[in-house]
Ligand code: PGA
């Protein structure tokens, strides 16, 4: 049985007052939903404050995990501005997102680098959330499944298990656009991806791309969808919790 994971990716949003208020509202409002795990990934500047807030606010039986949005492949060294997976673990993070399409597109990250980052996450004891997904042009060219397969093959490290790795399928054209993939497309892609994974029956595959309270139930009901990676809608506690409630 795969536990549903509802993960919020705050991206480069929130200053301290709003960020801690959002974390507190998520932690306080999460309620008893034992079948679903909650994770929030604030910007690095807020990790410490959010961990502190969540630690003080979350119900004992309803912990909210906190993760980073990226990490460097090395454990330390001359990498100005970067953050090591070990540093995230040291703060109390449990997860880190790697290979998000905004990093692949905006920072030129390729599969080999994403894979090295996922290895770093594992080395540090973090769960790596490895993102894959095709662009609109690739989908239009009928290459969506091939592209996702190539990214899975190139980005998932050798030691990936259902315990240390979560895959997030996020079609690039659906991120932040309000255009979600259709349930049929998502079902087909998640089935395809599951066939390529190690520990395939147990590894969680999240869907991401304009997930909102209005479409979450339909997407989360699909057999191979084990949760969601949520950008825009994770910035409002009410929406994030409404999505989590559909998974309960
Ligand atoms: P979105 O972002 O929910 O705003 O589309 C999802 C993501 O990038 O993880």
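Computed from the coordinates by the stated procedures, all read-outs in this text should not be read as laboratory data. Bear in mind that the values here come from a model prediction, so they are computed numbers and not experimental data. Ideal geometry is used to build each Cβ from the backbone, glycine not excepted, and the neighbour counts take in all protein chains shown.
Neighbour counts of C-beta atoms inside 10 Å place 185, 111, 37 in the sequence 185, 111, 37, starting with the fewest.
Calculated FRET efficiency, residue 105 to residue 238, Cβ-Cβ distance, R0 = 45 Å: about 0.90 to the nearest 0.05.
Ranked for footprinting exposure by Cβ neighbours inside 10 Å, fewest first, 101, 76 give 76, 101. As a proxy for reagent exposure, ranking 156, 91 by other Cβ atoms within 10 Å from fewest up yields 91, 156. For the stretch 49-104, the Cα-based Rg and Dmax, in that order, read 13.2, 41 Å. Here the stretch 2-46 yields Rg over Rh of 1.01, to two decimals, using C-alpha coordinates and the Kirkwood radius.
Packing here is the average count of other Cβ atoms within 10 Å per residue, and on that basis the peptides 115-124, 211-220, highest first, run 115-124, 211-220.
Quarter the surface of the alpha carbon convex hull of the stretch 5-236 and you get the mean projected area, 11.8 square nanometres. Could you give the nm distance between label points at residue 1 and residue 82, where each point is 7 Å from its Cα heading toward the beta carbon? About 4.1 nm separates the two model spin labels.
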